[in-house]
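Working notes for the structure below.
The values are calculated or read from the model by the stated rules, or taken from the named source; none is laboratory data. All values reported here derive from a predicted model rather than from experimental measurement. Here the Cβ is made from the backbone with ideal geometry for all residues, glycine too, and neighbour counts use every protein chain on show. Accessible surface areas use protein heavy atoms only, side chains included; no ligands, DNA or RNA. Shrake-Rupley method; radii C 1.70, N 1.55, O 1.52, S 1.80 Å.
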Amino acid sequence: MVLPPNNTLSACVAQGKLCTVGFHDWPKQDRFIGQIEIVQIAKSAGYDSVFLDLEHSAFTLQTAWELCQVANMANVSPFARVPGETGNGYIQRVLDGDARGIIFPHSHTASDAAAAVKMAKYPPLGIRSINPSLLESDDGTGLPAEEATRVLAEKDAVCFIQVETRDALENVDSIAAVDGVDVLLIGSMDLTIELGILAQWDHPLYQKALRDVSAAAHKYGKVWGISGLFGRPDLWRLAVQELGARFIVGALDRGLVSCGAAANVSMLKDSVEGSQGHR
């Protein structure tokens, strides 16, 4: 498996470890935790990376850039999911904000995957434009060719293809074969909707999907992972220990806050009820 360097997923894969992922999708206008604080919480909790959802949120590009900058400084690599059928120009701007990878939803075929690679990757695999500031030295002159080539290799993006449609699942082998596709990421909720088994994680069709995506990833030397499957450590263990998954999105930020609040209330009530017995 050869992944672009300079991100925590690549480091985890190189060490044979799981890359743990925190999911951030709160729109800015209804937050009660600031955007930067979410990255700090992810870092403190021990997540390896953050999943920034530009598909199902009101995030602006400015917000995405700010989150990416802070996440990279904290060594919690940011990977951004973009809206479906997004054009090359938008992808370019997200990547120029230093997202370390792009998650492409609603893919159906190998042609869709190839189009995603073209938008995410520098030439020769893709058509991603080069931000001139990357190739400028501190004295304002251009970097030597060898160093410029090294910088671009380090800055290349991880290309994730979400397997969340029936078509993508049926075509997963040919999608995995596309040069430049780095990660196959099961979008569990949307996939089970398409299969008519919404959130039925023990259903044979979902179980088969895990194995089919794993088989395609291993066949072509790609990484694979899971999003949208929350609170099922038994299936995470199956995916990681038996099927070789290396990228797991663990929970939504809203869910983590709710879970933490519920645990705090339970602790307070236990304390009060316990103390009443000593009166």
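Scanning the stretch 49-65 for residues that are farther than 20 Å from residue 249 by Cα and buried (at least 16 other Cβ atoms within 10 Å of the Cβ) turns up 63, 65.
Out of 197, 186, 193, one residue alone is within 20 Å of the chain's Cα centre (by Cα) and of a type in the set (Val, Ile, Thr). It is 186. Considering only the stretch 198-209, I want to know if a residue exists there that is among the aliphatic types (A, V, I, L, M) and either within 24 Å of residue 115 (Cβ to Cβ) or touching a residue at least 24 places away in the same chain (Cβ under 8 Å) (or both). Checking the stretch 198-209: at least one residue is among the aliphatic types (A, V, I, L, M) and either within 24 Å of residue 115 (Cβ to Cβ) or touching a residue at least 24 places away in the same chain (Cβ under 8 Å) (or both). Checking each residue in the stretch 68-84 for being over 14 Å from the mean Cα position of the chain (by Cα) and open to solvent by less than 30 Å² (accessible area, probe 1.4 Å) picks out only 74. Checking each residue in the stretch 119-140 for being part of a loop (DSSP other than H, G, I, E, B), more than 18 Å from residue 6 (Cβ to Cβ) and open to solvent by 70 Å² or more (accessible area, probe 1.4 Å) picks out 123, 124, 127, 138, 139. Kindly indicate whether residue 116 is at pLDDT 95 or above, open to solvent by less than 20 Å² (accessible area, probe 1.4 Å) and in contact with a helix residue (DSSP H, G or I) (Cβ under 6 Å, 6 or more places away or on another chain). Considered against the rule, which asks whether it is at pLDDT 95 or above, open to solvent by less than 20 Å² (accessible area, probe 1.4 Å) and in contact with a helix residue (DSSP H, G or I) (Cβ under 6 Å, 6 or more places away or on another chain), residue 116 comes out as no. For the stretch 165-279, the strands (runs of 3 or more DSSP E) that sit wholly inside it and include 3 or more residues that are open to solvent by 10 Å² or more (accessible area, probe 1.4 Å) are 247-252.
Can you tell me which residue in the stretch 27-41 is nearest to residue 2 (Cα to Cα), limited to those that are modelled with pLDDT under 75 and open to solvent by less than 20 Å² (accessible area, probe 1.4 Å)? Per the criteria, the residue is 35. Candidates 136, 147, 154, 85: the one that is at pLDDT below 95 and in contact with a strand residue (DSSP E or B) (Cβ under 7 Å, 6 or more places away or on another chain) is 136.
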